[in-house]
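S.K.: Before I ask anything, let me first share the structure, which is written out below as structure tokens.
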Amino acid sequence: EGVTLISSLQDLLNIKNNLSGSYRLTCDIDLENMNWQNLGNFRGTLDGAGHTIYNMARDHSTEDASFALFLEVQNGATVKNLALEGTVTGVGVWEGSIAIRNYGTIENCLINLDIKSANSDGHIGGIVCENHSTGKIKNCIVLSKIDGGNYDGGIAVGQYGSVTESYFISANVSTGLAVGNGASTLPNSNKTESEIKSASLYNNFDKSIWCIIDGQYPSLVI
């Protein structure tokens, strides 16, 4: 009740018409051949229901724009149970995956975006660029390869909020850091590939949301 179902690309794009709404994906969404624009400042709830947004991509070779699903996840907003996959090339300075700035809650998200910046001063965060004081990130996994600049972070570039049980593969991130602006920030998020594939890492994850098999990358349950 009160939830708008997302079953097509156009449905996803229509979120821009009501950024305070409650939404749930009913299938995977393919963004093939789209030069993605973020959806804006989100104030509602987006439940991916275990589905994936595929081919999330943009080539910023001629423009410096912010890349992410949303520009902001605002205070009180939630994005959950969602996977993102794609390849992003030639990006500008400010890049994330779920959002550039998070003031809300991001949970149970699986990120697998290859992001390469054309700017040596790139600020690329595996989940968000900035996680602000009210921002909460929990039970998220980043498999992305991130090659930007001096401020890349497997979780975020700027970390001022709460991050719990969220992990990335350090070898996939140019800096090897969880947070681009702090070498010692979130030391427990930094994992090897074998650690990411270890079922014991996810003892506190909700198994009705995650499929956890020892020796394999975790996936979301649809």
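S.K.: Quick one: in region 153-199, of everything that is open to solvent by 30 Å² or more (accessible area, probe 1.4 Å) and assigned to a strand (DSSP E or B), which residue is farthest from Tyr103 (Cα to Cα)?
M.R.: Ranking the candidates gives Lys191 first.
S.K.: Next question, about the same structure. Exactly one of these conditions fails for Thr89: (1) surrounded by fewer than 20 Cβ atoms within 10 Å (Cβ to Cβ); (2) modelled with pLDDT of 95 or more; (3) among the β-branched types (Val, Ile, Thr). Give me its number.
M.R.: Failed condition: (2).
S.K.: Right, next: What residue, among those in region 130-152 that are part of a strand (DSSP E or B) and of a type in the set (Asp, Glu), is most open to solvent (accessible area, probe 1.4 Å)? Before the answer, list the steps.
M.R.: Residues of region 130-152 part of a strand (DSSP E or B): 130-131, 136-138, 141-142, 146-147.
If we keep only those that are of a type in the set (Asp, Glu) too, we end up with 130, 147.
Numbers: Glu130: 51, Asp147: 68 Å².
Among residues in region 130-152 that are part of a strand (DSSP E or B) and of a type in the set (Asp, Glu), the one most open to solvent (accessible area, probe 1.4 Å) is Asp147.
S.K.: Now, a different point. With the condition kept exactly as written, say whether any residue in region 63-81 is buried (at least 16 other Cβ atoms within 10 Å of the Cβ), in contact with a Ser or Thr (Cβ under 9 Å, 6 or more places away or on another chain), among the aromatic types (Phe, Trp, Tyr) and at pLDDT below 95.
M.R.: Yes, there is a match, as at least one residue in region 63-81 is buried (at least 16 other Cβ atoms within 10 Å of the Cβ), in contact with a Ser or Thr (Cβ under 9 Å, 6 or more places away or on another chain), among the aromatic types (Phe, Trp, Tyr) and at pLDDT below 95.
S.K.: Shifting gears a bit: Being modelled with pLDDT under 95, within 15 Å of the chain's Cα centre (by Cα) and under 30 Å from Ser208 (Cβ atoms) is true for just one of Gly153, Gly158. Which residue is that? Don't jump to the end; show me each part of the working.
M.R.: Working: Gly158 fails: under 30 Å from Ser208 (Cβ atoms).
Unique residue meeting the criteria: Gly153.
S.K.: Kindly indicate whether any position in region 102-123 is open to solvent by 20 Å² or more (accessible area, probe 1.4 Å), part of a loop (DSSP other than H, G, I, E, B), under 27 Å from Gln216 (Cα atoms) and modelled with pLDDT under 95.
M.R.: Within region 102-123, none of the residues are open to solvent by 20 Å² or more (accessible area, probe 1.4 Å), part of a loop (DSSP other than H, G, I, E, B), under 27 Å from Gln216 (Cα atoms) and modelled with pLDDT under 95.
S.K.: Filter region 200-222 down to the residues that are within 26 Å of Asp47 (Cβ to Cβ) and either of a type in the set (Asp, Glu) or part of a strand (DSSP E or B) (or both), then identify the one that is most open to solvent (accessible area, probe 1.4 Å). Can you show your working first?
M.R.: Here is the first cut: in region 200-222, the residues within 26 Å of Asp47 (Cβ to Cβ) are 201-213, 216-222.
Still in the list and also either of a type in the set (Asp, Glu) or part of a strand (DSSP E or B) (or both): 206, 210-211, 219-220.
Details: Asp206: 72, Trp210: 4, Cys211: 50, Ser219: 46, Leu220: 22 Å².
For region 200-222, the residue satisfying everything is Asp206.
S.K.: Between Asn204, Asn190, Asn181, which is touching a helix residue (DSSP H, G or I) at 6+ places or on another chain (Cβ under 6 Å) and touching a residue at least 24 places away in the same chain (Cβ under 8 Å)?
M.R.: Exactly one of Asn204, Asn190, Asn181 is touching a helix residue (DSSP H, G or I) at 6+ places or on another chain (Cβ under 6 Å) and touching a residue at least 24 places away in the same chain (Cβ under 8 Å), namely Asn190.
S.K.: Name, by its number, the condition in (1) surrounded by fewer than 19 Cβ atoms within 10 Å (Cβ to Cβ); (2) touching a residue at least 40 places away in the same chain (Cβ under 8 Å); (3) in a loop (DSSP other than H, G, I, E, B) that does not hold for Gln37.
M.R.: Going through the list (1) surrounded by fewer than 19 Cβ atoms within 10 Å (Cβ to Cβ); (2) touching a residue at least 40 places away in the same chain (Cβ under 8 Å); (3) in a loop (DSSP other than H, G, I, E, B), Gln37 breaks only (2).
S.K.: Starting from region 1-17, keep only residues that are modelled with pLDDT under 95 and surrounded by fewer than 13 Cβ atoms within 10 Å (Cβ to Cβ), then list their pairs with residues that are of a type in the set (Ser, Thr, Tyr) and part of a strand (DSSP E or B) whose Cβ atoms are within a distance under 6 Å, requiring at least 6 positions of separation or different chains.
M.R.: What qualifies is Gly2/Ser22.
S.K.: Also, quick follow-up: All but one of (1) at pLDDT below 95; (2) more than 25 Å from Ser7 (Cβ to Cβ); (3) surrounded by fewer than 18 Cβ atoms within 10 Å (Cβ to Cβ) hold for Trp94, so report the exception by its number.
M.R.: (3)
The values are calculated or read from the model by the stated rules, or taken from the named source; none is laboratory data. Because the structure is predicted, anything quoted here is derived from the model rather than measured. In this analysis, Cβ positions are derived from the backbone assuming ideal geometry, glycine residues included, and neighbour counts consider all displayed protein chains. When the accessible area is computed, the model is the full protein with side chains, heavy atoms only, and any ligands, DNA or RNA have been set aside. Shrake-Rupley method; radii C 1.70, N 1.55, O 1.52, S 1.80 Å.
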